Amino acid sequence: MNRRNQKDGITRRQFLKNSGIGAGVMALGPANLAKAAQWPRGIKTEKHGVIVVGAGFSALSAAVEAKLNGADVIVLEKTKEEVTGGNSRVCGGMIAVPLENTKQAQDNYYEDFIKKSMGNADPDLTRLLAEKVQEGVDWLKSQGAEFLPPVPVVGYRAQAMVPAPGLYRGMPFVLAKLREVLQKKGGKILYGTKAKELIMGSNGRVAGVKVIDREGVKDYMADAVIIASGGFAANKEMLVQWIDPHADGMMVRGRPWITGDGLKMAEEAGAVLVNMGGMTALHVAAVSPRDTAAGNPFMAVPLYLGINKEGKRYVDESKGYVANGKATMNQPGQKIALVFDEEVKNTGPGATGYKLFQGLGIPVIEADSVEELASKIEVPPAALKATIEEFNQAVKDGKALEINPPKEANAKVMKPKFYAFYPMVPGITLTFGGIKINPNAQALEADGRIIPGLYVAGESVGGLFYDDYVGGGSLARCVVLGRVAGKKAAGKTGVKPRTKSA
């Protein structure tokens, strides 16, 4: 964190803040010299058309698309088969799509995504998302995935497609279907195989991946490599380096093996990392400690009141669950309650959130009075009563603007019976920083130069989100960029697989 740039004397963090860049280009020497002492020649060399690093949603979307476009595809996955799937296996499962298949609806979707990222999202990638995500959902259906009827994404001009049978349960079926399609078409998945570094050809192209498995070091050569191994939410060293000195103590909601492997490999090959620094590079949600992955009523957070240990509101809840999650980090004890009433419990997203917690077996607090509620969520009764009374008096036309903090939307008078999700604590969902790409999913150097043969998809991509994103946006990114990467990488292939011993 305190290392200085020897040339100009500024700190690394100051440079990142001023330039908007996540990391500089790392000089790459001759591959046979720079890494020879660390990684020996593989005990086996195998050639394929396309190598995909990772086996989550974006990786499988890329692998299937590449296979359908005629490529010889192999997937490298460091985990065991029974837990494969990355963060997408344990996520809610929403894919945000425009409200209609029209240019106007796509424009609205684009504008909402740009606004949600404070105007800092990559406009070309955001436009790609708006134009291609519905096509991506239709493509998933053509591969055998099933979806429920669309539901509104509260507060945005978008709707969410959720795979059957529902939230937190549907994505494992989608992943299984994509694996089935890939393997039926002749694609291979190698489990327990960890990618360690990219192999560079003398012509400057990425020529393969050096891996390690239970047998030792192996070299997998290819015409194109797709990095789709996720972000760095579970890498404590990177969190401290990039996010905050105390970020290593945060709870991780996703998989503990999403440790930025692909980002580090790409950076060593010259790729630039963007949007890596500070809390704007992090997705945080307030979740139940009983189930950190699924215990997040994200769709309904704009309808609730967030109450801290002092019995006070602390955030404009209508800003969504990520704004609430980040605000929770600064509350006493980092512990809050999400409070709602009977009307919210039985209406739309509120009913979905309530049923979610019931289905997970997480107790929902019930109370007939403010005083009873205060006792159950461990806050001062007088303070909570004053908070709710002040809020109710400020509600006008669905807003509560004359209080601090205001609630700019989804405000309604709260009245018994009361309910609460408690306790709720902050947890890292995923990271927004990653490898900079162009709309063809090609990895870029800091000066904009394309790194030949290297493609990136999913959470490994940086620049598409900043500070927050519209619910369902992350999986939208996975299927859109996964398909683009797979299709483009397949266009550079045509070599049949062959194996030789070292």
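Total residues in the range 103-119 satisfying the condition of being exposed (fewer than 14 other Cβ atoms within 10 Å of the Cβ) and in contact (Cβ under 8 Å) with a residue 40 or more places away in the chain: the figure is 1. For the range 251-285, a tally of residues being at pLDDT 95 or above and part of a strand (DSSP E or B) returns 2. None of Ala224, Ala247, Ala228 is closer than 30 Å to Lys407 by Cβ, hydrophobic (A, V, I, L, M, F, W, C), assigned by TED's automatic domain parsing to the domain that holds Cys478 and in contact with a helix residue (DSSP H, G or I) (Cβ under 8 Å, 6 or more places away or on another chain) except Ala247. Residues that are small (Gly, Ala, Ser) and over 26 Å from Leu401 (Cβ atoms) were ranked within the range 286-337; the one that is nearest to the chain's Cα centre (by Cα) is Ala293. The number of residues in the range 68-96 being part of a helix (DSSP H, G or I) and surrounded by fewer than 24 Cβ atoms within 10 Å (Cβ to Cβ) comes to 5. Please give the number of the condition Val53 fails out of (1) touching a helix residue (DSSP H, G or I) at 6+ places or on another chain (Cβ under 7 Å); (2) closer than 28 Å to Gly348 by Cβ. Only one criterion is unmet by Val53, namely (2). If the condition is being out of contact with any Gly (no Cβ under 8 Å at 6 or more places or on another chain) and of a type in the set (A, V, I, L, M, F, W, C), then the range 212-235 contributes only Ile212. Please work out which residue is nearest to Arg169 (Cα to Cα), limiting yourself to the range 336-361 and to residues that are surrounded by 20 or more Cβ atoms within 10 Å (Cβ to Cβ) and among the β-branched types (Val, Ile, Thr). Step by step, filter the range 336-361, then rank; the result is Val344.
The values are calculated or read from the model by the stated rules, or taken from the named source; none is laboratory data. Since the model is a prediction, treat every value here as computed from it, not as a measurement. With ideal geometry, Cβ positions are generated from the backbone for all residues, glycine too; neighbour counts draw on all protein chains shown.
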